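Chemist: Sharing a structure here in structure tokens format.
The values are calculated or read from the model by the stated rules, or taken from the named source; none is laboratory data. Just so it is clear, the structure is predicted and the values come from calculations on it, not from any experiment. Every residue, glycine as well, gets a Cβ built from its backbone with ideal geometry; the counts of neighbours run over all protein chains shown.
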Amino acid sequence: MRDTVIFDFGGVITSSPFEAFNRMERERGLPHDLVRRINAIDPDDNAWARFERAEIDAAGFDSAFAEEARAVGHELRGEDVLALLAGDIRPRMVHALDWLKREGYRIGCITNNVPAGEGAGMARTTEKAAAVAAVLARFDHVIESSKVGIRKPDPRIYTMMCQTLNVAPDRCVYLDDLGINCKPAAELGMIAIKVTGEGQALDALCAALEIAPGHF
């Protein structure tokens, strides 16, 4: 029986920051998915990876990301990317969290985030930070990469969550909007759901938990 659900935050509980990145790229006349392409270069040790492990600060990320952008022929500061990180909270996802808690499921959150903005959701306003904090308070445990110095897809961060919740991986369902982060969860024995949208994710979650669709 799967009695534990572990969520990514950005792109799952909130709308994907990649949507905001694409809007910015269009507005500035930059190539589509430029930010994604830069972040795919040297993915374990680039500016983004080091910032998510809190090995550099916001100023260091700003300049390091700009250097990586220039290396592929474009001008883009890291600060301009950070301003787009905090997505909008998806209300049906919050409803799902409340339902799961009410029905006795354990719920956790593993988020790759950076030490910028306010709180785990990297919000740029106090109001949004408060809304994110209210959502995060629903989880039994939250692991932030910028606090533990480990980031997905490192298998240790998933194992850390299982140990904290005192649950075996084969009793967990894991949701993330990045396939690379779903792979280690599946290899550990979790049912991994790659999130492409709110409705798709919730339908897949119902199937994984073997409950009738439409609960969320």
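Chemist: What residue, of Phe7, Phe18, is crowded, with 21+ Cβ neighbours inside 10 Å and within 16 Å of the chain's Cα centre (by Cα)?
Modeler: Only one candidate qualifies: Phe7.
Chemist: Also: Condition test on Glu75, is it assigned to a loop (DSSP other than H, G, I, E, B), free of Cβ contacts under 8 Å to residues at least 60 places away in the same chain and touching a helix residue (DSSP H, G or I) at 6+ places or on another chain (Cβ under 9 Å)?
Modeler: Spelling it out, Glu75 is indeed assigned to a loop (DSSP other than H, G, I, E, B), free of Cβ contacts under 8 Å to residues at least 60 places away in the same chain and touching a helix residue (DSSP H, G or I) at 6+ places or on another chain (Cβ under 9 Å).
Chemist: Also: Given the structure, is Ala49 part of a helix (DSSP H, G or I) and of a type outside the set (D, E, K, R)?
Modeler: Answer is yes for this residue.
Chemist: Moving to a separate point now. So which residues in the stretch 57-96 are touching a strand residue (DSSP E or B) at 6+ places or on another chain (Cβ under 6 Å) and either modelled with pLDDT of 95 or more or surrounded by 18 or more Cβ atoms within 10 Å (Cβ to Cβ) (or both)?
Modeler: Passing the criteria: Ala86, Gly87.
Chemist: Suppose we keep only residues that are in contact (Cβ under 8 Å) with a residue 12 or more places away in the chain and of a type in the set (S, T, N, Q) within the stretch 163-216. Which one would you say is surrounded by the most Cβ atoms within 10 Å (Cβ to Cβ)?
Modeler: The qualifying residue surrounded by the most Cβ atoms within 10 Å (Cβ to Cβ) is Asn181.
Chemist: Let me ask something else about it. Cβ contacts < 7 Å: first residue over 17 Å from Asn181 (Cβ atoms), restricted to the stretch 94-123; second residue of a type in the set (Asp, Glu) and at pLDDT 95 or above, any location; separation 6+ or different chain. Result?
Modeler: Tyr105/Asp3; Arg106/Asp3; Arg106/Asp140; Ile107/Asp140
Residue by residue, here is whether (1) out of contact with any helix residue (DSSP H, G or I) (no Cβ under 7 Å at 6 or more places or on another chain); (2) in the same structural domain as Met24 (by TED's automatic domain parsing); (3) within 15 Å of Gly10 (Cβ to Cβ) holds:
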site	(1), (2), (3)
Ala71	yes, yes, no
Arg92	no, no, no
Asp98	yes, no, no
Glu103	yes, no, no
Gly108	no, no, no
Arg138	no, no, no
His141	no, no, no
Gln163	yes, no, no
Asp170	yes, no, no
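Chemist: Please name all residue pairs, on different chains or six or more residues apart, with Cβ atoms under 9 Å, provided the first residue is in the stretch 4-23 and is over 22 Å from Tyr158 (Cα atoms) and the second residue is acidic (Asp, Glu) and not in a loop (DSSP other than H, G, I, E, B).
Modeler: Here the result reads Ser15/Glu198, each pair linking the stretch 4-23 to a residue that is acidic (Asp, Glu) and not in a loop (DSSP other than H, G, I, E, B).
Chemist: Quick check on my filter: what residues within the stretch 164-187 are over 19 Å from Val142 (Cα atoms) and among the aliphatic types (A, V, I, L, M)? Walk me through it before giving the result.
Modeler: First pass over the stretch 164-187, keeping only residues over 19 Å from Val142 (Cα atoms): 170, 179-180, 183, 186-187.
Answer for the stretch 164-187, where residues must be over 19 Å from Val142 (Cα atoms) and among the aliphatic types (A, V, I, L, M): Ile180, Ala186.
Chemist: May I pose another question? Regarding the stretch 124-142, can at least one residue be identified that is touching an Asp or Glu at 6+ places or on another chain (Cβ under 8 Å), surrounded by 14 or more Cβ atoms within 10 Å (Cβ to Cβ) and hydroxyl-bearing (Ser, Thr, Tyr)?
Modeler: no
Chemist: May I pose another question? Within the stretch 131-169, which residues are within 28 Å of Phe61 (Cα to Cα) and assigned to a loop (DSSP other than H, G, I, E, B)?
Modeler: Gly149, Ile150, Arg151, Lys152, Pro153, Asp154
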